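Heads up: the structure comes next, in structure tokens.
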Amino acid sequence: MKRILKLVLLAALVHSASSFAESPPVAKPKPKAKPDYQYLSKGIEVAAATAEEPKVKAFGPDTILAAKQYLDDGAHHWVREKSCVACHSTGVYMVERPVLTPLLGKPSDEVHASFVEGVRATVGKPGLRNGVKVFGDSIASVWRSSGLAAWDKHVTGTLSKDTDKSLRQMLLCLADEGLIKTIDQVEIPYITTDFELTVQAARAIATAPGWLATVKDDDTLERIKRMQNYLRQHVPISDYELALKLQLAVLMPDLVPQTQREAAIAMLWKQQLPDGGWSTRRMSDIMKWHEKMDPKVIAMIRDEPDASSPASDPYMTAWAIVLLRESGTPTSDARIQKGVSWLKQNQRVSGRWWMKSLFRDTYHYSTYISTAQALRALALCGELPPLTP
């Protein structure tokens, strides 16, 4: 009987091995097709952002106009094809583009109107999301408020009722600790820590012309004070957050001591690379970009060819220049000029500044953010002559 059982088992094993050998290999899932366009809408066709796009032969008026058009196209696409305020497109446009009004002309009324519509459509009492009060979407509320505040300051010069309403809605998103909670998913830059989002909220409050002086009700004043206390007491967990402290110092000087400003400036100079640029990936340990890091994002960053020594990128190069210039570093500083040269040499022929997304390897919205920041940095250094729109 034992011999018969052994023969049966042996036959079964042979049949199993034979079947396995004859089975076709399991097909691996096909990678998602790369998009042909970064932005596509009626009258708008912006090709996909890629590292292979050629760089400009020379930076100048034509390439500046191309960058302006790229920002307009991206924002118009988002307004027409999407239903949200996005920090990587319309949010960036409304926060950064109005500052350039004297040089590039008035920003888009269509984009501004969509922000106003968003304020008027947000009604009712705040709800709860993960135990935190939110009024609509907290991120959208912050960027909408900051964009409207920038429009009022740099385009009309007058505080609007819609901006006032938006700022008050935004403060309803404030958690008990004084911060505004971001989402669980990290998108580097802009959607990283709660501290970054709360600094953007402070930017909205500080930018809105005369708004703070108009606030009289106790509830709103208490919320502002609570937010300021959080921002003042927060200890940066990375060089990136230390840089945010320097941005905060420009917005609300009383919240950042001089020693911390000096430490941030020294850190930025230390982070500058020999080619004149700065690298976003060098500004934080991978695991400190967000409370919960997506394994795919971790793998993406660690698998970059230059992971052991990240190269300069346009976003951090531009933002470092903005922070240093707004903190009093003169344009004539040789280190600033080296950074300016890096930006001028790395613009692409479409007008944008290419930067790979550190979140998804698809639409590369970091390219849009980088382009807006690059124009801001170059403007602060006198590199954008006034152009006829």
Tabulated pairs, segment 140-155, first of a type in the set (Gly, Ala, Ser), second at pLDDT 95 or above and outside any helix (DSSP H, G or I), C-beta under 7 angstrom, 6+ apart or interchain: Ala149/Ala208
Of residues in segment 41-54 being surrounded by 15 or more Cβ atoms within 10 Å (Cβ to Cβ) and in contact with a helix residue (DSSP H, G or I) (Cβ under 9 Å, 6 or more places away or on another chain), the one nearest to His77 (Cα to Cα): Ser41
Test: residue in segment 128-148 that is in contact with a His (Cβ under 9 Å, 6 or more places away or on another chain) and at pLDDT 80 or above: yes
From the options Ala299, Ala334, Ala320, residue that is out of contact with any Leu (no Cβ under 8 Å at 6 or more places or on another chain) and under 18 Å from Gly382 (Cα atoms): Ala334
Options Ser370, Ser366, Ser341, Ser357; residue that is of a type in the set (Gly, Ala, Ser), under 18 Å from the mean Cα position of the chain (by Cα) and surrounded by fewer than 21 Cβ atoms within 10 Å (Cβ to Cβ): Ser357
Residues located in segment 337-389, provided they are closer than 15 Å to Thr280 by Cβ and of a type in the set (Val, Ile, Thr): Thr367, Ile369, Thr371
Among (1) of a type in the set (A, V, I, L, M); (2) closer than 30 Å to Lys34 by Cα; (3) crowded, with 23+ Cβ neighbours inside 10 Å - the single one Ile321 does not satisfy: (2)
Lys68, sole failed condition from (1) within 25 Å of Glu187 (Cβ to Cβ); (2) of a type outside the set (A, V, I, L, M, F, W, C); (3) out of contact with any Lys or Arg (no Cβ under 8 Å at 6 or more places or on another chain); (4) assigned to a loop (DSSP other than H, G, I, E, B): (4)
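The values are calculated or read from the model by the stated rules, or taken from the named source; none is laboratory data. Keep in mind it's a predicted model, so treat the numbers as computed, not measured. Quick reminder, even Gly has a Cβ in these numbers, built from the backbone with ideal geometry, and neighbours come from all protein chains shown.
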